[in-house]
Each structure stands twice: as structure tokens, then as C-alpha cells.
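Take a look at the structure below.
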Amino acid sequence: MTQLPGPSLCGALLCWVCLSAPGLAVEVEVPAEPLGVPLGKTAELTCSYSTSVGDNFALEWSFVQPGRPISDSQPILYFTNGQLYPTGSKAERASLLHNPPTGGVASLKLTDVRPSDTGTYLCHVNNPPDFYTNGLGLINLTVLVPPSRPWCSHSGQTSVGGSAALRCSSSEGAPRPVYNWVHLGSSSPPSPGSMVQGKDPATEEEGTQDLGKARNSTHPQYKFQACDEVTGQLILTNLSLASAGTYRCVATNQMGSASCELTLSVTDPSKGRVAGALIGVLLGVLILSVAVFCLRRFQKERRKKRKEIYGGSDLREDAVAPGISEQTSVRADSSKGLLESAPSASTVTTTKSKLPTIV
């Protein structure tokens, strides 16, 4: 009796026959390197395959956003039964370089690329009843976008001896921009105590640099590389009056650059106290001047009212009654400062009546 081969031997023979037979394995090839395409240009996603195309041949292109699993991919187009079916939000911009894609080339063309087109594209070739070992290819596409104008801000204690944090960030830019700071030169000499954390542009060595030594006549615009080029943050410590001025942040990637500026004001508390005292003195002088002016005006108005009351046809206190002539002697007492008026009998003369006397 002839002994039949075991199950393991039969399985191995079947696999060898399937793999050695022509057209029974689908191999998809795509570029290993990510693809970068400038904004608004046309992207060509290369995909090729090797198999004997049959009646059931099908091709599918799909897309998944960055950071999402492959299972969340969304279809872009299908090719099956000799017909092409674009679908999804990219349908109007997606097409095949070779249609029909039955000659081993299944490359995708995507026109007018946008930032939302950045992600992973899946080229899936299916040709049943082929046994395929790798019928799927993945291509990473990045739409290159220049940095948008960054936003500059600062926080901290911007007084002499204090510290300040300068921040810079762009809302758009692919690949991610890197940030650098530039301190525009000023006419005043920098203080040797001003320090900055970052990199010296001359040595590219990290650490704390002396701002006074860095910003000299040979560095009218001293360039700082931020401690973290991704976040765009620059820390200034031990501020001095020379630390004040205009700071410019430059966001850069391979597509271009953009910048923003901010003005940093450094205050000196000691000068502030002197200025406050001076302002207080000036304010006191002003208040006193106003008070004197108002008092003088009040006195002037009072004298004016007295003249109006006792002037004109009013009877004077020193008027002499008709028929009486009075001679008043006034003596000035220099020691007492008083005015004395003393009428006497010898100085008063009675006017006799000129009318005839009846006896």
C-alpha cells in the first residue's frame, strides 16, 4: 500500500506551485522617500505593480490624514471593470497618469495641491484570484507652504535687573518653521551686565551670552537663535537699559520666511521715583499758583462791589448840614496811627439869620 504524503508536505508543495506560477503574486512598488510639493502645484504619486492583469483587476487610491490609522483612510478613486470612478473631496483634482492602468503603472496625479492634501496615500492593487504578498503601497505627501506672518509677544518683568520672555509663532508653514531672533542695533552703548540665553551666532555654542559684548560696532544687528527653535522662545535675563529696543523674529522653512517685530521697553525704578517726586513738586506749585490767583480775583471782586454800594448819590458820613460851616482839625498821631477829629466852640460859627426881627 502506497503511503500518502503528510499535510505539511502538501502545503509546502502548494505554496511553491502558487509562487512559482506566473501572475500569481502582486508586487506594488512606491517611492521610499516622502514627497514634497509646493502649494498650488501638481503632485505625481508614483505607483507600479507587477502581475498578469485579469478580468477582475481592480485599483484603489485612498487617503488618510496625518496621525490617523490606515483603517480611517478615505477613497479617492476606483478603477474596476475597465471604468474609472473618482470619489470624495479630491475627485475633481485626482486622475491617473495612465488610463487604463493595466500596463503595470498605477500612478496618481493630484492638481492644485492644498495644505489639506498633506497625509498618507494608499495604492492598492487587487487582481483575484492572484495570491499577493504585498499589494499595498504607502506614499507620504507634504504640501510645502511658506510660513505665515508670525505673532510676536513678550512677558515678564521688564525693568532693570528683571527677565523677559519673547515668543514667536506662525499659524501656517510646512515643513514646520524654525525661529530666530534679531535685536536691531541702537545708538546707546549696551550694558555689560545684560545677558541672553541662546546661541552665539559667531560660535554657535549654546549658553548664556553677554549682550554687551555681543552687540558692539561689528554687530549692529545681533542675531539670537532661540533656545527652542520649534517654540520660538527667547529668554532675556538681567535686563539693562541697553536691552530695550526693537526685536525681530524670523520664521523660516524651505519655502520662504516671514517676520514680526516688537518693542521692548526697560524701565529704571530709581529714575521713576525721581520723576515722581518732580511731578509732585510741579503739581504742588501749580495748585498754589491757582489758589493765589483765585484769592486775588476774589479780593478784586469784593472791592468792586464796595464801590458800587457807596458811590454816586449816596449821602456821605462826613457831609455838613446846611447853614453850618465846620472846620475840622485833623491831627495825625504818628505813634498811635489814629485819626482824631475834635470840633470846638471857637471853631464853630453860627450863621445869623438875615431876616428882620419883629419886636
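A106: net charge of surrounding residues, Cβ under 13 Å, Lys/Arg +1, Asp/Glu -1, itself excluded? Working shown, then result.
Values: positive: K109; negative: E27, E29, E44, E60.
Value of the local net charge: -3.
Backbone amide hydrogens, once placed in the peptide plane, bring S169 within less than 5 Å of W151, excluding anything fewer than 5 places away on its chain.
Spin-label model, R149/S116: points 7 Å from Cα along the beta carbon direction are separated by 2.6 nm. Coupling constants for region 76-86 follow from the phi torsions by the Karplus curve (6.51 cos²θ - 1.76 cosθ + 1.60, θ = phi - 60°), and in residue order they are 10, 7, 10, 10, 7, 6, x, 10, 9, 10, x Hz; glycine and proline get x.
Compute the FRET efficiency between R68 and T267 as 1/(1 + (r/R0)^6), taking r as their Cβ-Cβ distance and R0 = 41 Å, and round to the nearest 0.05. Before the final figure, lay out each step's value.
Numbers: r = 50 Å, r/R0 = 1.22.
Using R0 = 41 Å, I get an efficiency of 0.25.
Under a 5 Å amide H cut-off, with hydrogens placed 1.01 Å from N, A174 pairs with V145 among residues at least 5 apart or on other chains. 3J(HN,Hα) couplings calculated from phi for region 163-177 with the Karplus curve 6.51 cos²θ - 1.76 cosθ + 1.60 (θ = phi - 60°) are, in sequence order, 10, 9, 10, 9, 10, 8, 7, 9, 7, 10, x, 9, x, 3, x Hz; Gly and Pro show x.
Coupling constants for region 146-152 follow from the phi torsions by the Karplus curve (6.51 cos²θ - 1.76 cosθ + 1.60, θ = phi - 60°), and in residue order they are x, x, 6, 4, x, 10, 9 Hz; glycine and proline get x.
Sorting the segments 234-245, 28-39 by their mean number of nearby beta carbons within 10 angstrom, highest to lowest, gives 234-245, 28-39.
Size check on region 19-144: the Cα extents along the three principal axes, sorted descending, read 45, 26, 22 Å.
What net charge do the residues around C294 carry, taking every other residue with its C-beta under 12 Å from that of C294, with Lys and Arg at +1 and Asp and Glu at -1? Net local charge, C294 excluded: +2.
Amide H contacts of S159: T267, each under 5 Å away and 5 or more positions distant or on a separate chain (H built 1.01 Å from N in the peptide plane; Pro and chain starts excluded).
Taking a Cβ cut-off of under 15 Å around Q65, the surrounding Lys, Arg, Asp and Glu residues balance to a net charge of +1, with basic ones at +1 and acidic ones at -1.
Between S171 and E27, the distance separating the two model label sites (each 7 Å from Cα on the Cα→Cβ line) works out to 4.9 nm.
A short reminder: the numbers here are calculations on the coordinates, not readings from a lab. From a predicted model like this one, the values you see are computed outputs, not experimental measurements. Glycine also receives a Cβ, built like all others from the backbone with ideal geometry; neighbour counts cover every protein chain displayed.
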